[in-house]
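Have a look at the structure below before the remarks.
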């Protein structure tokens, strides 16, 4: 509540001059369903454009569910607080904060994607979060602004938590195709900052006293009303454009890359049962066999990084293209190296980082290195491993034979 004393007589006089019927304030259940409908529609678009519905795993589903529950509770409390007398209590606010902390703890111990410290990855995540979360944020502010929230700062903070939790859910869906999420510390810091910004916005946008004590003339009121409507339309239009851009980017990044899919499929087969079909006493022996089959003597040696050389396979793909698959087994994971003949080289357009003519991607839970092998004819090499790209890049850089 505000400490400002209300001059009721002056308030009544001003109110009578412009007395008119107020717009009906929808019941809490209707407001909640409208907000949830907007969020579900956006989540469905995120899942469809990124292909997450096809590759979700149990850890991902649980992480999405925990953050989604926290966001729904925060949104419910925020919507309820728009009705005078139904403001949130301190215990309810602490419950939401504790729930968010629990969601982060669960996410830390049960990761659904691999964290990355690369600047471009973290920046992309922030853009995705803002783009997908801004529309439901505006809807929530718009619905609550129609009521009388007597705790605008607290209500704004709850909106921020609901907004951020929804963003986590949406970006987790997208991360199933891009293969990365930012570190937990980065996410927590972003959540605190965005919640604080939302609380400040609530203090100025949702404070009913700013309207009750307004001494504007009728002309000023009309001008302000027109400006408010124009600003609202502009914000919703901008939010829609941002959402479309993020979804378009997610669709581009989730486009299937056949060479990556093939290397990942061979990786999964190798973890279950890998049987070399060429002499594989050591790397030199295997390379000799590859050369005799018309392949280049081009290979990476990850045995110096703690991986055990398990052998190689020479195969012809379904279209007759010759290819080799070399497997290095680790204690918890491994590294698959694929080399195949190619008619030409065209790098995928997904976001990547280049190091010494090697292109590094994050793709469906794997780190991927793509190399256009020169000097041997037209060949390309794909190296895949289910590890953070921050560990994968130096691993590959140090494994050059």
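Laboratory data are not the source of any read-out in this text; all were calculated from the coordinates shown. Source: prediction; values computed, not measured. Cβ coordinates were reconstructed from backbone atoms using ideal geometry, including for glycine residues, and neighbour counts include every protein chain displayed.
In this structure, residue 343 and residue 308 have a Cβ-Cβ separation that, at R0 = 60 Å, corresponds to a calculated FRET efficiency of about 0.95. Residues 328, 345, arranged from fewest to most other Cβ atoms within 10 angstrom of their Cβ, appear as 345, 328. By how many nm would the segment from residue 98 to residue 29 lengthen if fully extended, with 0.36 nm per residue of separation less the alpha-carbon distance? Length gained, residue 98 through residue 29: 22.4 nm.
What shape does region 266-329 have by the C-alpha gyration tensor, where a ≥ b ≥ c are the square roots of the eigenvalues, rounded means a/c under 1.5, and otherwise prolate means a/b greater than b/c and oblate the rest? Since a/c reaches 1.5 but b/c is at least a/b, the shape of region 266-329 is classed as oblate.
Using a cutoff of 8 angstrom between alpha carbon atoms and counting only pairs six or more residues apart, the relative contact order for region 258-397 works out to 21 percent. Normalised by the number of residues in region 126-177, the mean separation of alpha-carbon contacts (under 8 Å, six or more apart) gives a relative contact order of 59 percent.
Need the full-extension length gain, residue 41 to residue 268, defined as separation in residues times 0.36 nm minus the C-alpha distance. One decimal, nm.
Numbers: separation 227, 0.36 × 227 = 81.72 nm, distance 3.38 nm.
That pair, residue 41 and residue 268, stretches by 78.3 nm at full extension.
A simple spin-label model places pseudo-atoms 7 Å from Cα toward Cβ; at residue 301 and residue 126 they are separated by 4.3 nm.
How high is the FRET efficiency from residue 331 to residue 105, r the C-beta distance, R0 25 Å, rounded to 0.05? It would help to have the intermediate numbers written out before the result.
Values: r = 26 Å, r/R0 = 1.06.
The formula returns an efficiency of 0.40 here.
In plain terms, the chain from residue 397 to residue 261 could stretch by 46.7 nm, reckoned as 0.36 nm per residue minus the Cα-Cα distance.
Got a sec? How would 38, 30 order by Cβ neighbour count within 10 Å, fewest to most?
Details: 38 17, 30 12.
The most exposed by this proxy come first: 30, 38.
Spin-label model, residue 318 to residue 355: label points 7 Å out along the Cα-to-beta-carbon direction sit 3.3 nm apart. Sorting 261-269, 301-309 by their mean Cβ neighbour count within 10 Å, with the most densely packed peptide first, gives 261-269, 301-309.
With neighbour counts taken as other beta-carbon atoms within 10 Å, the residues 393, 159, 42 rank, fewest first, as 393, 42, 159.
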